[in-house]
Amino acid sequence: MKGKWFAFGCLTSVIIVILMFVSAFFSINSLSKISHEPNRAKLSDNSTLHFKLVGDIVEYNEFKDDIFSSPFMPKTNAAYDIIDKIKMAKYDPKIKSILIEPRWISTGYATLHEIGLAINDFKQSGKPVYAYLEMNADKDYLLASYADEIYLNPSASAGIMLSGVGGTRLFYKDFFEKLGIEMTVLHAGQYKGAGENYYRNGYSEPVKENLSLLYNELFDKILLTISENRNIPYDDVKYIFEERDDIFIKKNKAIEYKLVDGLEFKENLINRIVQSKDQLVSASKYKVKKKFKENQPKIATLYLQGQISPQTTEYQANVLSAQKVSEAINDIMKDDNIKGVVVRINSPGGSALESEIIHSKLKKLRDKMPVVISMSNVAASGGYYISTPSDYVYADPFTITGSIGVVAMFPNLSDLKDKVGLSTDSISKGKYANALNIYQKPDKAFLESFKNGINETYIEFKTRVSEGRKISLEDVEKVAQGQVWFSTSALKNNLVDELGTIESSQEKVASLANLDEYVTESYPKQVSFFEELVMEKLQVAAKNNLTPDLVKNLELQKQFDTILRIKNDPIQMLLPYFEIAR
C-alpha cells in the first residue's frame, strides 16, 4: 500500500512539473508575441469593437499586458484599459459600434459604474452599443444595462439570474475551539466588526445593524441604476428582484420584464451587426497608444489597491505597501511635467502602522502639488485613513467607505499544541519577552497594554480625519466607532466632498493646478520581472490546485494566512466586508 501511495505521489509531482513547464512555455510564447505585436489591430471600415469580459476585472493591472496569458492563466481585464479603449473608439472613424459580452464578471460596483459611464459617453457619438447575454448574473446585467440594445440567447438553458445583494460570513468560534485555536480580539469602536467571526457565532447587533443599512443603500442604488438605464419603473425593477417566480429569467419573461430587447443567437446578432468577420475586432487587439508631447503638463493617476500590509517579497501585486507607494511617488516626483495627482483608492485597509506610513508619504506629496482622492469600490478603515491627506475627496456613487476604528487580534495555539502532542519550553528575560508567542495565552498585563495602544491608535486615526476633513474630533466620533458608510451617507456625514469619477478627480486636480490642457499617466509603473513573477504565479496556481475542496469552501487557507499576517502585526485598520464591494 505504501508503495502505491509513493508511486501516486511521484506521478502527481511529475504532472505538476509538466504543467508548470507547459504554462511557462505559453507565457514565454505570449511574451514573444507582445514584443512583436503592432500598436493596434488593422481595422476595416465599419468595424465593431468586441469586449468579451469574463471573470475578474481589476482597477489597474500592475503587470504588463498578456505576460501571463496562457491556457491555464487567462489575461486579467483592467478597468482603466477597457475605459481607454472605449474613449478611443468614440473618435475612431473605423469603429461604428461596440458589442459587450459580459459573463460572470467579478469586480466592484464602482468599477462597473466607471465602465458604464464610458459606454454612455461613447453613445453620445451616435454609435450604438449592443450587449449579448447567455447565462448571466447581477453584475453582468448591470453592465449590459448601459447598452442601447440587449439580446439574450433564446435557448431554454440560457437566462439571467438577478439575485440582489447579500452575503454569508463564516464564523469560526466553535470550529477553532475544536481545533484548539483561540483568537483574542480587542476593538476600538462598537461597530468595528473585523475579527468578530473568530470569537462569535454571529454578528453583534451594532455590526448587523450597520451592515443591513449598507446593504439597503447598495441594493437601492442598483435598482435605481437599472431603472434609469432601461427606462423601467423602479417598482417594476424591485418586483423583478423580490417577487418573481423563477430564479432564472428566460426567453419571453426577459422580454416581458423589458430586461432585454430581443432573443437571438450570438452568430445571428454578429452577422446582423457586421458584414464580415474581420469587422469584428477583439478589444484585446485594439491597442491604445498615448502620445506625450515634450514638456506637456501631466496629471498622474496613482492606483492604491489591495490590502494594506508590509511588502514581504520583491513584488506583490495584491498588496498595498508603503514601499510600493514610496517607489511610485518617487517616480512621480522625478517627472517635472506632472503638476498634480489623483489617488485612486480601492482598499479595505489592513496594517495600522503601514497605513500611517503611507499617510505620511501622501502628505509629503500633497506639500509639493495638488492631490485629489478618487474612491473606488471600497476605501474603508486603513483605506479611508490614507485618503485624509488630500485637497479634495471624491467617492463613486457605489463606494463603501468609513470604518474609522481599530482592531487587534492575537492568535493562541496552546490548546492545539496540547491536542497534537507538542510541548514547548521557553527561556526568557524581560516582562514581555513572550508577548507574541502564539503557543502561550496572553496575560492580563499584556492585554491591558495593548488596549491602551489600540485606544491611542484610534485617537490618532480620528485626529488624521479631523485634520484632513477640517471637522472637530467630537463630530468625527459621531461617524467613527467603526461604522461603514455607503457613498451617499458618507457625503451627508462630510467624510467625502463630492460624488464623482476618476475623470471628475482629474478635472479637479487640473483646476487646482491651473491647467487648461493636460494628459494623464498611470502609476505604479507596470512591471515585468518575468521569471520571478511567472514562478510566483505558478506556485500560487499549484497551491490552489492542491488545496482540498473542504479547505477552500471553509476559507481556511485565507483565515490561517490572516493568523500568520497578524502574528507580528496585530493592530489592524481592516474592513471585514470587502466581498460586498467585489
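Excluding VAL237 itself, what net charge comes from residues whose Cβ is under 13 Å from its Cβ, given Lys and Arg +1 and Asp and Glu -1?
Values: positive: LYS221, ARG230, LYS238, ARG244, LYS258; negative: ASP138, ASP220, GLU228, ASP235, ASP236, GLU242, GLU243.
Overall, the nearby charge balance is -2.
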Using square roots of five times the C-alpha gyration tensor eigenvalues, list the equivalent-ellipsoid semi-axes of the stretch 200-293 in whole Å, biggest first.
38, 25, 14
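Would you mind computing the Rg to Rh ratio of the stretch 395-474 from its alpha-carbon coordinates, Kirkwood style for Rh?
On the way: Rg = 19.2 Å, Rh = 16.2 Å.
We get a ratio of 1.19 for the stretch 395-474.
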Return the distance in nm (one decimal) between the two label points of a simple spin-label model at ASN318 and LYS208, each offset 7 Å from Cα along Cα→Cβ.
3.1
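Rounded to the nearest 20 debye, what is the charge dipole size of the stretch 252-313 about its Cα centre when +1 sits on each Lys and Arg Cβ and -1 on each Asp and Glu Cβ? Show your work: numbers first, answer last.
Numbers: 12 positive and 6 negative charges, 84 e Å.
About 400 debye.
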Report the charge-dipole magnitude of the stretch 125-220 in Debye, nearest 20, computed about the Cα centre from +1 at each Lys and Arg Cβ and -1 at each Asp and Glu Cβ.
280
Which residue, ALA480, LEU515, ILE502, has the largest displacement toward the positive end of the dipole of the stretch 480-530 when charges sit on each Cβ (Lys, Arg +1; Asp, Glu -1)?
ALA480
Does the stretch 362-413 come out rounded, prolate or oblate by the C-alpha gyration tensor, with a ≥ b ≥ c the root eigenvalues, rounded set by a/c under 1.5 and, if not, prolate when a/b is larger than b/c and oblate if not?
oblate
Ordered by fewest other Cβ atoms within 10 Å, a rough proxy for footprinting exposure, LEU280, LEU362 read LEU280, LEU362
Which of TRP485, TRP104 comes first, and how do the rest follow, when ranked by fewest Cβ neighbours within 10 Å?
TRP104, TRP485
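Rounded, prolate or oblate: pick one for the stretch 226-269, where a ≥ b ≥ c are the square roots of the eigenvalues of its C-alpha gyration tensor, a/c under 1.5 means rounded, and failing that, prolate if a/b is larger than b/c, else oblate. Please list the in-between numbers first.
On the way: a/c = 3.10, a/b = 1.51, b/c = 2.05.
Here the stretch 226-269 falls in the oblate category.
When N counts the residues of the stretch 234-372, how does its alpha-carbon radius of gyration compare numerically with 2.2 N^0.38 Å, as a ratio?
1.68
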Step through the table entries LYS52/LYS266; LYS139/LYS285; LYS361/LYS470, compare each Cα-Cα distance with 18 Å, and write down the pairs that go over it.
LYS139/LYS285; LYS361/LYS470
All lysines inside 24 Å of LYS431 as judged from Cα atoms, apart from same-chain residues fewer than 8 positions distant
LYS417, LYS441, LYS444, LYS451, LYS567
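Computed from the coordinates by the stated procedures, all read-outs in this text should not be read as laboratory data. Nothing here was measured: the structure is a model prediction, and the numbers come from that model. Here Cβ is always computed from backbone atoms with ideal geometry, including for glycine, and neighbour counts include all displayed protein chains.
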